[in-house]
1. Can you tell me which condition residue 108 does not meet? The list is (1) surrounded by 20 or more Cβ atoms within 10 Å (Cβ to Cβ); (2) over 18 Å from the mean Cα position of the chain (by Cα), and all the others hold.
2. So how many residues does region 186-235 have that are at pLDDT 50 or above and outside any helix (DSSP H, G or I)?
3. Just checking, which of 81, 21 is more than 15 Å from residue 117 (Cβ to Cβ), at pLDDT 95 or above, under 10 Å from the mean Cα position of the chain (by Cα) and not charged (D, E, K, R)?
4. So which residues in region 115-147 are over 15 Å from residue 176 (Cα atoms) and of a type in the set (Asp, Glu)?
5. List pairs: first residue in region 92-110 and touching a residue at least 40 places away in the same chain (Cβ under 8 Å) and under 14 Å from residue 81 (Cα atoms), second residue of a type in the set (Asp, Glu) and buried (at least 20 other Cβ atoms within 10 Å of the Cβ) anywhere in the structure, Cβ distance under 9 angstrom, at least six positions apart or on different chains.
6. Go through region 8-57 and count every residue that is within 14 Å of residue 72 (Cβ to Cβ) and assigned to a strand (DSSP E or B).
7. When only residues in region 153-175 that are surrounded by fewer than 15 Cβ atoms within 10 Å (Cβ to Cβ) and on the phi < 0 side of the Ramachandran plot count, which is modelled with the lowest pLDDT?
8. Mind listing just one residue for me: the one in region 74-90 that is of a type in the set (A, V, I, L, M) and surrounded by fewer than 18 Cβ atoms within 10 Å (Cβ to Cβ) and, of those, nearest to residue 37 (Cα to Cα)?
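The values are calculated or read from the model by the stated rules, or taken from the named source; none is laboratory data. Since this is a predicted model, take the numbers as computed values, not measurements. All Cβ positions, even for glycine, are placed from backbone atoms using ideal geometry, and neighbour counts span all protein chains on display.
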Amino acid sequence: MSDIEYKELKPLKIKGATTIVGFPTTGLVGSIAASYLANKLDMELMGYFTSDKIPPVTAIHDYKPLPPLRVYASKKHKLVVILSEIVTPISLSSKVADAIREIARKLKSPLIITLGGISMHEKEGEVYGISTSEELTASLEKRKHIKRVKEGATTGVAGLLLTPGVFKEPVLSLLAETLEEQPDPNAAANVIGVVAEITKVKIDTKELEKEAKILSKATKEAVLHSKKGKKDHLGRMYG
């Protein structure tokens, strides 16, 4: 099985649902944000993707084994979330992008939104936007929901989904300013904030913000311990 295959657990029959895609990128923002949306909005697991090129990994959440590349849906909120907890092999990226487009077409999705992180080393809390629709990006920028990216590149499945003319409806990539070295729940909360504005769905991100504070505190403590250890090792003369 060299191609990607979608295994349906429940029928996806939510016409006009917005399709949200979250894959692991910088700061794991896409995966964290998509997973949080699925859990917070009590979305149903509808199916998953499988391929012999996908690493043999089973995720475990709340005591339950789950496929790493899966699809959730909420009829109430008219949302479909496609998330991955593994990095998509380059050889499979094109097939995954095609499979996502096919799902969005069947749903008659008015918009595909991809979520991710980026390290522009600029303002903390910033969310950048790239879209196949100039009208959409201009509107979001005017309302100060995003900052546009003038030059650069986006890769992987998200990059392929942004190919102009392949999907009839707009595709929007949201990238939150993030740290490269560690998972960033705060950046995930920032990108979810923009999703909430676009979809008009209320999403409480307090849990993510709390996780970010805990992670930040733990990181600072680790840095302090490492500095203390270094001083003890080198002696008082050095620092």
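1. The failed condition is (1).
2. Result for region 186-235: 6.
3. 81
4. Listed by number, the residues that qualify are 134, 135.
5. Here the result reads none, with nothing in region 92-110 linked to a residue that is of a type in the set (Asp, Glu) and buried (at least 20 other Cβ atoms within 10 Å of the Cβ).
6. Summing the residues that are within 14 Å of residue 72 (Cβ to Cβ) and assigned to a strand (DSSP E or B) in region 8-57 gives 12.
7. Only one residue fits best here, namely 153.
8. Checking each candidate, the answer is 86.
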